[in-house]
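J.: One structure coming up, written as structure tokens, with questions to follow.
The values are calculated or read from the model by the stated rules, or taken from the named source; none is laboratory data. For clarity, every value in this text was computed on a predicted model and none was experimentally measured. Because the Cβ atoms are built from the backbone with ideal geometry, glycine has one as well, and the counts that use them run over all protein chains shown. We work out accessible area using only protein heavy atoms, side chains counted, and drop any ligands, DNA or RNA first. Shrake-Rupley method; radii C 1.70, N 1.55, O 1.52, S 1.80 Å.
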Amino acid sequence: MKINCVFTGKTNSPEIKKLTDEYLKRINRYLKAEEVIIDNAAIKTTVLQHVREKEGELLLRKLSPSDFV
């Protein structure tokens, strides 16, 4: 089994980055896990609904039919 932790955009918070790195380090002892960051810098709109739709499309591209969400 493999776990992908999918995030939209990079975090600017060093605390959150440290926590996610620690979590992935601990979980990797038991099964394979990796961080997948979806670049949302290409989204040029500021309308919240459009941003959510674009992020959703980018997330769906990263998923395969056999993935368990």
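J.: Where nothing but the Cβ of Lys and Arg (+1) and of Asp and Glu (-1) is charged, how large is the charge dipole of the chain around its Cα centre, in debye to the nearest 20?
T.: That gives a dipole near 180 debye.
J.: Any idea of the accessible area per residue across the chain, 1.4 Å probe, to the nearest Å²?
T.: I get 87 Å² per residue for the chain.
J.: On the accessible surface of the range 6-57, probed at 1.4 Å, how many percent belong to carbon and sulfur atoms?
T.: Answer for the range 6-57: carbon and sulfur cover 54 percent of the accessible area.
J.: Tell me the mean residue ellipticity at 222 nm calculated for the chain from its helices only (DSSP H runs of n ≥ 4, each -39500 (n - 2.57), averaged over every residue, nearest 500).
T.: Numbers: 2 runs with 29 residues, N = 69.
Only helices count here, giving -13500 deg cm²/dmol.
J.: Mind giving me the FRET efficiency for residue 46 and residue 15? R0 is 30 Å, r the Cβ-Cβ distance, nearest 0.05 is fine. Working shown, then result.
T.: Numbers: r = 27 Å, r/R0 = 0.89.
It comes to 0.65.
J.: Got a sec? Charge dipole of the chain, +1 on Cβ for Lys and Arg, -1 for Asp and Glu; which of 3, 68, 30 is way out at the positive end?
T.: Working it through, the farthest residue towards the positive pole turns out to be 30.
J.: Taking a ≥ b ≥ c as the square roots of the Cα gyration tensor eigenvalues, with a/c under 1.5 meaning rounded and otherwise prolate when a/b beats b/c, else oblate, which class fits the chain?
T.: Oblate is the answer for the chain, as a/c is 1.5 or above yet b/c matches or exceeds a/b.
J.: Angle check, please: helix 14-27 long axis (alpha carbons) against the longest principal axis of the chain (alpha carbons), in degrees 0 to 90, nearest 10.
T.: 50
J.: Can you list residues whose amide H is under 5 Å from residue 33's amide H, if they're 5+ apart or on another chain and H is modeled 1.01 Å from N?
T.: Sorted by chain and number, the residues that satisfy this are 3.
J.: Relative to the longest principal Cα axis of the chain, at what angle does helix 48-62 sit, 0 to 90 degrees, rounded to 10?
T.: With both axes taken from Cα atoms, the answer is about 40 degrees.
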